[in-house]
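Take a look at the structure set out below.
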Amino acid sequence: MLKKAAKWVLICAGAGLLLYGILLAFARASFSDALETTYTKKDLIDNFKARKDEIFALRNYFKSIVPQNRKVEIEFSSNSLLGRFGVSTTDATGSIIYPIFLKWDLKTTSVQVDSVITTLHWTQQTLQVLKAKLDSAHCISVRNGDPCRIGFQRSGMGMYFYELFTNPVPDNAKARYNDGCTYIFYNPVLVLEYGGGAIGPQCFPKDQ
């Protein structure tokens, strides 16, 4: 009886180790794929030059669908998955007062997403139109405000952004938006941004 029990313990332990190995290999492969997908500052600039009209159209559309006193950030991982979705209330200056909702990896058709987009007076069609406009701009995320922050692409553990201003950047703010690390001043209404990840470079790579 004891031999039989020990046999089953060994079988279960072996199966557990096998499953762990499979999951670990999958995680490593996924992580490696993420790190292998890289972009450069040149890609960021070239995309703006090629899709300037689409990028501004995306900014204008998003501004038109976000209610007053709301800050909304949304990133699509695919047609049916949101990598990040957040909603906050703002004051008259656009500063965040308190967060309402912030989640990662949500299906666009989930109950949570439906309940949040209802408060924004959005529908599933709104999400589809927004995704189409992001695709046209070859971008993956957008956050309203002035500047409007549009996410170009993730690169390894970091991400590239466009900061679009309604009016030219004030002289007293140019130093902040041209620090040679996170921000690069590109033109009077556009600042390029690089957001570093948990590991890897925290500034625009020096060789770009």
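Could you pull out the residue among Thr109, Thr118 that is at pLDDT 95 or above and part of a loop (DSSP other than H, G, I, E, B)?
Working: Thr118 fails: part of a loop (DSSP other than H, G, I, E, B).
Result: Thr109 is the single residue among Thr109, Thr118 that is at pLDDT 95 or above and part of a loop (DSSP other than H, G, I, E, B).
Quick check on my filter: what residues within region 96-109 are in contact with a strand residue (DSSP E or B) (Cβ under 9 Å, 6 or more places away or on another chain) and either surrounded by 10 or more Cβ atoms within 10 Å (Cβ to Cβ) or at positive phi (or both)?
Ile96, Ile97, Pro99, Ile100, Phe101, Leu102, Lys103, Trp104, Asp105, Leu106, Lys107, Thr108
For region 152-168: of the residues being in contact with a helix residue (DSSP H, G or I) (Cβ under 9 Å, 6 or more places away or on another chain) and surrounded by 20 or more Cβ atoms within 10 Å (Cβ to Cβ), which is nearest to Ala137 (Cα to Cα)?
Applying the filter and picking the extreme gives Phe152.
Taking Phe48 as the residue in question, decide whether it is surrounded by 15 or more Cβ atoms within 10 Å (Cβ to Cβ) and either without any contact (Cβ under 8 Å) to a residue 12 or more places away in the chain or in a strand (DSSP E or B) (or both). Please lay out each step first, then the result.
Numbers: surrounded by 15 or more Cβ atoms within 10 Å (Cβ to Cβ): yes; either without any contact (Cβ under 8 Å) to a residue 12 or more places away in the chain or in a strand (DSSP E or B) (or both): no.
No, not satisfied.
Filter region 128-142 down to the residues that are surrounded by fewer than 20 Cβ atoms within 10 Å (Cβ to Cβ) and either in a strand (DSSP E or B) or among the small types (Gly, Ala, Ser) (or both) and list them by number. Reasoning before the result, please.
We begin by selecting, within region 128-142, every residue surrounded by fewer than 20 Cβ atoms within 10 Å (Cβ to Cβ); these are 128-133, 135-136, 138.
Ala132, Ser136, listed by residue number.
For region 66-115, what are the residues that are of a type in the set (Asp, Glu) and over 19 Å from Lys133 (Cα atoms)? Steps first, please.
First, pick out the residues of region 66-115 that are of a type in the set (Asp, Glu): 73, 75, 91, 105, 114.
Of everything in region 66-115, those that are of a type in the set (Asp, Glu) and over 19 Å from Lys133 (Cα atoms) turn out to be Asp91, Asp105, Asp114.
Could you tell me whether any residue of region 65-80 is modelled with pLDDT of 95 or more, part of a helix (DSSP H, G or I) and out of contact with any Asp or Glu (no Cβ under 9 Å at 6 or more places or on another chain)?
yes
The values are calculated or read from the model by the stated rules, or taken from the named source; none is laboratory data. Predicted model, so just to flag it, every value in this text is computed and none were measured. No Cβ is skipped: glycine too gets one built from the backbone with ideal geometry, and neighbour counts run over all protein chains shown.
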